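What follows draws every value from the coordinates through simple rules; no lab data is involved. Everything numeric in this text was worked out from a predicted model, so none of it was measured. Here the Cβ is made from the backbone with ideal geometry for all residues, glycine too, and neighbour counts use every protein chain on show.
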Amino acid sequence: MTDLLRDGYDVVVAGGGAAGLSGALTLARSRRSVLVVDAGSPRNAPAAGVHALLAREGIPPAELLERGRAEVRGYGGQVVPGEVDAVVREEDGFAVTLTGGRAVRARRLLVATGAVDELPDVPGLRERWGRDVVHCPYCHGWEVRDQAIGVLATGPFSVHQAQLFRQLSADVVFFSHTAPPSEEQTEELAARGVRIVDGKVTALEIAQDRLVGVRLSDGTVVGRAALAVASRITVRAGFLAGLGLRPADHPSGMGQYIPADATGRTEVPGVWAAGNVAEPAAQVGAAAAAGTMAGAQINADLIAEETRRAVAAYRRVRAG
C-alpha cells in the first residue's frame, strides 16, 4: 500500500464508498490500472450499521469500506486518501488534479463521490443523525419498530415517508412544521391512524443521550423516541465543472444528482457516475451494483477503443 502515484491510469475513481470500490474492484479484476481517490467521508458514516445488505447485514460502515479497500488492493488497484480537485480534458483522456497539487492522467473517469444530506435548521437534528434521527425506513426502520416515531415534514416526500414508517409502528406522529399536508394527504394520514401535529418544530429534547421528544414553537413537547426527516441531497461534484458537467435537480425533488444512463454513462464522453451522486435514493447494495455495472461498461469501452487502434495498426502493417 503506497500513496506514490503513477503518471497515468486506465481509470481514476473519484470516491471510495460502496459504488467507487465496487467499480474499482470490477476494473482491477479485468487487469485495468485503477486509482481510487478516497475522501474518507461516506454519507452513512454516522450509522452504527449497514442494513438490507445481503450477507453483510448490520456491518459497521467503516468495516465494510475497509474490507472493500483491501479487496481492491488485492487485485492490484490503488486506493489513496484525498479528493479530486479538478478534471480537464486531454487528447487521450483526462488530467486529474488532487487536492494538494498532485496530478495524474486517466483514460476514463468514474465519479462516485456520493452526496451530502442537508437537514432542516432544527437544533439537535445533525447531532442525532443516523442514530434516532433517521430518513430511510429500509436502512433504519427495523431498529425503530414499534417505537413512538415522529416524521418532520420538509416537503412533498414527507407524507410518503410517514406512510412507510407507519408500516413499522402503530404510533406515528406527522409534524407539519413547514410543509402542511394537502387535504387529500390529511385524509390519507388520518385513515392510517397517523396523528398530525401543527406548528413549527424548534428543537429536539434529549435525555441520557437519546431522543425523548420534539419541542414546538409554543413550548409543547411531544414525546417521541425516533424522528424521520427527509433531507435535501447535494452532490460532491464541483470538480466536474471544467468538463461542463454540472449537477441537475433530481426529478423526485430530493435534491441534486449527476444525470447518467442505466450503465452510469454521463453526457460527457469518458465519464461515468455511480452511487448516490447519480441516484440519491440508492442504498449501499444498489450503489455497489451501480459501481459494478459502471466498471464493466468502462472496461468494455476501453476494449472497444483498444480494438479500433489495433485494427488500424494491423491495416498499416498489412498495407506495407
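Take the alpha carbon atoms of segment 260-320, find their center, do the same for segment 91-106, and report the distance between the two centers in whole angstrom.
Answer, in whole Å: 19.
So, R0 is 35 Å and r is the distance between the beta-carbons of R192 and A300; what FRET efficiency does that work out to, to 0.05?
Calculated transfer efficiency: 0.15.
For segment 141-206 and segment 241-255, what is the separation of their C-alpha centers, rounded to whole Å?
A separation of 29 Å, based on Cα centres.
Where a ≥ b ≥ c are the square roots of the eigenvalues of the C-alpha gyration tensor, would you call segment 120-229 rounded, which needs a/c under 1.5, or, failing that, prolate if a/b is larger than b/c, or oblate?
Oblate, since a/c reaches 1.5 and b/c is not below a/b.
Summarise the long-distance tail of P(r) for segment 214-319 by giving the % of C-alpha pairs beyond 21 Å.
55 percent
Go ahead and collect, in residue order, the members of segment 256-299 whose backbone nitrogen is under 14 Å from a label point 7 Å along the Cα-Cβ direction of A55.
Residues 285, 289 qualify, since their backbone N sits under 14 Å from the label point.
Going by average Cβ density within 10 Å per residue, which order do the peptides 170-183, 198-211 take, highest to lowest?
Order by mean packing, descending: 170-183, 198-211.
Plugging the Kirkwood radius over Cα pairs into Stokes-Einstein for segment 26-175, at a temperature of 20 °C and a viscosity of 1.002 mPa s, what D comes out in µm²/s?
Calculated translational D: 116 µm²/s.
Between E66 and A170, what is the label-to-label distance in nm when each label sits 7 Å out along the Cα-to-Cβ direction?
4.3 nm
Among (1) 38, 26, 20; (2) 44, 19, 17; (3) 32, 23, 20, which one is semi-axes √(5λ) of the Cα gyration tensor in Å computed from these coordinates?
(2)
Taking θ = phi - 60°, what integer Hz values does the Karplus form 6.51 cos²θ - 1.76 cosθ + 1.60 yield along segment 103-110, in sequence order, with x for Gly and Pro?
Couplings: 9, 9, 9, 9, 6, 9, 10, 10 Hz.
Along segment 256-270, what does the Karplus equation 6.51 cos²θ - 1.76 cosθ + 1.60 (θ = phi - 60°) give for ³J(HN,Hα), rounded to whole Hz, x for Gly and Pro?
Result, rounded to whole Hz: 9, 6, 9, x, 8, 7, 5, 8, x, 6, 8, 6, 9, x, x.
Relative contact order of segment 120-229: what whole-number percent is it, with Cα pairs under 8 angstrom and at least 6 residues apart?
32 percent
Hey, what did the chain get for relative contact order, percent, Cα under 8 Å, at least 6 apart?
Over the chain, the number comes to 21 percent.
Show me, for segment 179-190, the HN-Hα J-couplings you get by feeding each phi into the Karplus relation (A = 6.51, B = -1.76, C = 1.60, θ = phi - 60°), rounded to Hz, glycine and proline as x.
With coefficients 6.51, -1.76 and 1.60, one gets 9, x, x, 6, 4, 5, 5, 4, 5, 4, 5, 4 Hz.
Angle between the Cα long axis of helix 284-319 and the longest principal axis of the chain, 0 to 90 degrees, nearest 10?
Taking the Cα atoms of the chain, the angle to 284-319 is about 20 degrees.
Across segment 1-110, how large is the tail of the calculated P(r) beyond 19 Å, expressed as a percent of all Cα pairs?
In whole percent, the share of Cα-Cα pairs in segment 1-110 beyond 19 Å is 43.
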